[in-house]
Amino acid sequence: MAGLGRRWLAAAAVLMGAVGMVMTPAAAAPAGDAPPGLGAIRVEGNRFVDEYGRVVLLHGVNNVDKQPPYLEPGDGFTVTAQDAELLSRHGFDTVRLGVSFDGLMPTQGVVDTAYLDRVANIVDTLAQYGIHTLLDDHQDGLSKIWGGNGFPEWALRARPGPLEPNPGFPLYYLMPSMNRAWDEVWNNSNGVLGYLGQALGALADRMNGHAGVLGIELLNEPWPGSAFLSCFPNGCPAFDVKYQAAMQQLTDAVRARNSGLMVLWEPNVTWNETMPSNLGENPPITAPDIAFAPHDYCIPSQLAIYLGLPAALRGLCPVQQDKTWGNIDAFTQRTGIPTLVTEFGDGDPAVLRNTLVNADNRFVSWQYWHYASISGSGAAKPDPFLGDIGQQLVRTYPRATAGIPDRMVFDAATGDFAYRYTPRPAAAPTEIYVSDVHYPDGYVVRADGCTVTSPPGARVVTLESCGSGPVTIYINRRGSTGASL
């Protein structure tokens, strides 16, 4: 249920054998020069792959501006070139950038082309630093009619009653008037889905030729409306059939304007309360380049953050998050499509490890909630990845694998990393990003079954000339016993 409301990042806070390497800062991409190899990412089975045929693992952050005017240069919130350099230096290769239906189409039937241009400029800026952008059609609380954001007022007919109390996030989802409005969405009353499809289609068309676009996520945290009670305790198959039809309608609108664009479907938001998703059951998901975009939040942590309940409730997080990851496993097994966890964390370092270890164990990509720009008017803000949150999020990891991933281990406390995969032919080498946070005195790398071809101190370790058997690479601090598989 998190991701609702405007939140700020809660942290200011090679050679075969054992060869010591002193880290050197990675060079920033100069403005106007896209880094080599930045190209489209597509779905292949239950993995993401790049234009070289390598399996891609994405680590990134959210940047979602919910207040108009949206994505204004210099607003002190939206990512800039300075942010892109910082994120790239820390190994992040994706940003989930919020876009808004009421920003795309503030007037009924009329798309704001200046807004599209601002989106395209941000996509191109991030691409210059090797960062792919997921465009997230973001809503929270449906519309500013209820104190939320997302859908323009003209698109909905329901309104709060004069005596209807509004408890605010997150309880405003229980308001009868908001549930009536969500029913309008799922029933396509007033043609609301058609207008949303028109807006997303215009966004997709504007992204033609922009290699930095990862895809479009059709709708953030969709609420079932008056059907929400049917989702407890085991999910809501009947509603998900209607919801999937809406997702397919929007997918068709996007693909009509940009046939090669990846589209991400998010489960209805009762998922965050551990309800399973029935997407892909009736009917199966057969369209190409569709990915799953769940969130992994701990409700006890959310209650502590937003309702002021005792922080000790966080002790329940591992149990809840294990259930969420079990639901991800079941969805993957049923549908065979890849997962990108598009929100987790919410500024609570106590629960980060639950998500990150589960993601590592499954080779699942993720985007952390939330990052706000360090630049803007006034003094620059400090690097937010040098505290407890950064210790977890900035990780050594295989960002592109010329082969089939098997097992990966990273210890955020020590920097010990180990990774095993089975090589296969690809047009580019395996690339391991080496954390710029965990090895203050340099690192040691050892590879079995492949040759390390990157120079000493490289921010990215490359592996080539592999044999036919499994490859294992180890990276750790000098003197550490390292990780084992």
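For the range 317-332, the condition of being over 30 Å from Asp205 (Cβ atoms) and at pLDDT below 90 holds for none of the residues.
Residues Ala29, Ala34: which one is buried (at least 18 other Cβ atoms within 10 Å of the Cβ), part of a loop (DSSP other than H, G, I, E, B) and either modelled with pLDDT under 95 or of a type in the set (S, T, N, Q) (or both)? Don't jump to the end; show me each part of the working.
On the way: Ala34 fails: buried (at least 18 other Cβ atoms within 10 Å of the Cβ).
Checking each option against the conditions leaves just Ala29.
Would you call Ser468 of a type in the set (Ser, Thr, Tyr) and at pLDDT below 95? Yes: the conditions hold for Ser468. Within the range 329-354, if we keep just the residues that are of a type in the set (Asp, Glu) and outside any helix (DSSP H, G or I), the residue that is farthest from Ile305 (Cα to Cα) turns out to be Glu343. Restricting attention to the range 339-375, and to residues there that are of a type in the set (S, T, N, Q) and surrounded by fewer than 21 Cβ atoms within 10 Å (Cβ to Cβ), which single residue is modelled with the lowest pLDDT? Per the criteria, the residue is Ser375.
Criterion applied to Gly235, Gly225 was being more than 22 Å from the chain's Cα centre (by Cα), within 24 Å of Gly326 (Cβ to Cβ), among the small types (Gly, Ala, Ser) and at pLDDT 95 or above, and the one residue passing it is Gly235. If you go through the range 51-103 and pick out every residue that is in a loop (DSSP other than H, G, I, E, B), among the hydrophobic types (A, V, I, L, M, F, W, C) and either at pLDDT 95 or above or closer than 15 Å to Tyr129 by Cα (or both), you end up with 6. Of everything in the range 144-158 that's surrounded by fewer than 23 Cβ atoms within 10 Å (Cβ to Cβ) and under 25 Å from Trp369 (Cβ atoms), which residue is nearest to the chain's Cα centre (by Cα)? Only one residue tops the list, namely Gly148. Remark: Ala120 falls outside the filter, which requires a residue to be surrounded by fewer than 23 Cβ atoms within 10 Å (Cβ to Cβ), within 24 Å of Val364 (Cβ to Cβ) and among the small types (Gly, Ala, Ser).
Kindly provide the set of residues from the range 265-312 that are assigned to a loop (DSSP other than H, G, I, E, B) and more than 24 Å from Asn234 (Cβ to Cβ), ordered by number.
Listed by number, the residues that qualify are Thr286, Ala287, Pro288, Asp289, Gly308, Leu309, Pro310.
Mind listing just one residue for me: the one in the range 265-289 that is of a type in the set (A, V, I, L, M) and out of contact with any Cys (no Cβ under 7 Å at 6 or more places or on another chain) and, of those, surrounded by the fewest Cβ atoms within 10 Å (Cβ to Cβ)? Among them, the one singled out is Ala287. Within the range 298-309, one or more residues are surrounded by fewer than 13 Cβ atoms within 10 Å (Cβ to Cβ), over 20 Å from the mean Cα position of the chain (by Cα) and of a type in the set (A, V, I, L, M). Residues in the range 121-142 that are in contact with a strand residue (DSSP E or B) (Cβ under 9 Å, 6 or more places away or on another chain) and either among the small types (Gly, Ala, Ser) or part of a loop (DSSP other than H, G, I, E, B) (or both): 6 in all.
Taking (1) touching a helix residue (DSSP H, G or I) at 6+ places or on another chain (Cβ under 8 Å); (2) among the acidic types (Asp, Glu); (3) closer than 14 Å to Leu279 by Cα in turn, Asp240 satisfies each apart from (1).
For the range 359-366, the criterion of a residue being part of a strand (DSSP E or B) and touching a helix residue (DSSP H, G or I) at 6+ places or on another chain (Cβ under 7 Å) is satisfied by at least one position. Mind counting the residues in the range 37-50 that are hydrophobic (A, V, I, L, M, F, W, C) and modelled with pLDDT of 95 or more? Result for the range 37-50: 4. Look at the range 366-385: where a residue is under 11 Å from Val95 (Cα atoms) and a partner is of a type in the set (Ser, Thr, Tyr), sitting 6+ places away or on another chain with Cβ atoms under 7 Å, you get Trp366/Thr355; Gln367/Thr94; Gln367/Thr342.
The values are calculated or read from the model by the stated rules, or taken from the named source; none is laboratory data. Please read these numbers as outputs of a predicted model, since none were measured by experiment. For neighbour counting, all protein chains shown are included, and Cβ atoms are generated from backbone atoms with ideal geometry for every residue, glycine included.
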